[in-house]
1. With the crude spin-label approximation of a point 7 Å out along Cα→Cβ, what separation in nm comes out for residue 53 versus residue 271?
2. How much length is gained on full extension from residue 197 to residue 285, taking 0.36 nm per residue of separation minus their Cα-Cα distance?
3. In Å, what Rg and Dmax follow from the Cα atoms of the chain?
4. Could you list 130, 254 so that the one with the fewest beta carbons within 10 Å of its beta carbon is first and the one with the most is last?
5. Using modelled amide H (1.01 Å from N, peptide plane; none on Pro or chain starts), what sits under 5 Å from the amide H of residue 235, excluding residues fewer than 5 places away?
6. Report the label-to-label distance for residue 296 and residue 22 in nanometres (one decimal), using points 7 Å from each Cα along the Cα→Cβ vector.
7. What does a probe at residue 1 reach in region 163-204, counting residues whose amide N is under 11 Å from the point 7 Å along Cα→Cβ?
8. Can you show me the helix-derived [θ] at 222 nm for the chain, built from DSSP H runs with n ≥ 4 at -39,500 (n - 2.57) apiece and divided by the number of residues, rounded to the nearest 500.
Amino acid sequence: MRVVVAGGSGFLGSHVCEALLNRGDEVVCLDNFITGDKRNVAQLVTQEGFTLIEHDVVEPVAVEGSVDAVMNLASPASPKDYLAMPIETLDVGSSGTRQLLDLARRHDARFFMASTSEVYGDPLVHPQPEAYWGHVNPIGERSVYDEAKRFSEALTMAYRRVYDTDTRIVRIFNTYGPRMQVDDGRVVSNFIVQALRGDPLTIYGDGSQTRSFCYVADEVRGFLALLDSDEPGPINIGNPVEFTMLELADLVIELTGSQAGISHRPLPNDDPQQRQPDISMARERLGWEPEVALREGLGLTIPYFAEQLSA
Ligand code: NAD
Ligand code: UDP
């Protein structure tokens, strides 16, 4: 296949590009680098079959040659980033998704939408199955991301219904691993970087809120299983083992040997109190489930951040 990966130089996108190349697909990576980093794909640019194009996907997208699939991962994803770039986030989730759907339509290509567990908001149903419609504050600060992704899902389904576009929607739950930015602001990167620097780990609120963390290799394997399947989704891909932020902090402290302890900061507005994917659908329809436990995945991620900090 020849696959366009929008947002391909970001954390997840760069792993997707690599996985596609490794199985023999060609990749055209589109990115405007607002939160991504060229260094994430530096090892790919010399590989045959990989093309990197600097492009803001909010603008019309043209790709020469054949296109078999378009994967839309373009969007700020860390709360720190989307709160700093609210309009850009709404633009890429609306106009950007539309441009990429049009690209897929022109090429009669499959369209893959990277949505998020954030469409469930601060969920009242736990764990979250795909059938749950969510609990999102439509005018809160986080809505720029949550509603942009909900709009992206709605637009994807409209193209499927109106134009018969061959679509897939994945709802991604908190994913971590090498190639997250050191200053990314998400909890796993923050805790590891703080621990390695000998700073206290910043717990927002009392630390009782939960997340379920998926290692990047598991997540990307799930994406490709969905891309290759006939399932339109939406389908949850995430690791269902749930941790409080206090438990995560304890694990990072144990694995890094940090002596600096923790400090508390105010809880951000509308921060979801709990999050855990129901992955029955992914198990049954894709034969997918995660294999890497959090302890093991952190063990694979900490050396990456240690290297980044020493560089
Ligand atoms: P990231 O910030 O590392 O990557 C996003 C990439 O999109 C970056 O390279 C950025 O430069 C690019 N981008 C943003 N706006 C663009 C635009 N207008 N034109 C072209 N490129 C643009 O984030 P990530 O964690 O790799 O997330 C990738 C995708 O997965 C996002 O769509 C995100 O919403 C979704 N997602 C991620 C997670 C997670 O835990 N990592 C969870 C849920 C959903
Ligand atoms: N969080 C924290 N300390 C940090 C960064 C985040 O306690 O330094 C908390 C945050 O309030 C949230 C959870 O960790 O409850 C996950 O935050 P993240 O930004 O990683 O992802 P999201 O909120 O999008 O799930």
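1. My value for the distance between the label points is 4.1 nm.
2. On the way: separation 88, 0.36 × 88 = 31.68 nm, distance 4.32 nm.
Gain on extension, residue 197 to residue 285, equals 27.4 nm.
3. Taking only Cα atoms of the chain, I get Rg and Dmax of 18.5, 58 Å.
4. 254, 130
5. Residues meeting the amide H criterion: 169, 170, 171.
6. Label at residue 296, label at residue 22, 1.5 nm between them.
7. 167-168
8. It comes out at -11000 deg cm²/dmol, rounded to the nearest 500.
FYI, it's all coordinate maths here, none of it is from the lab. Computed from a prediction, not measured in an experiment: that's the story for all the values here. Here the Cβ is made from the backbone with ideal geometry for all residues, glycine too, and neighbour counts use every protein chain on show.
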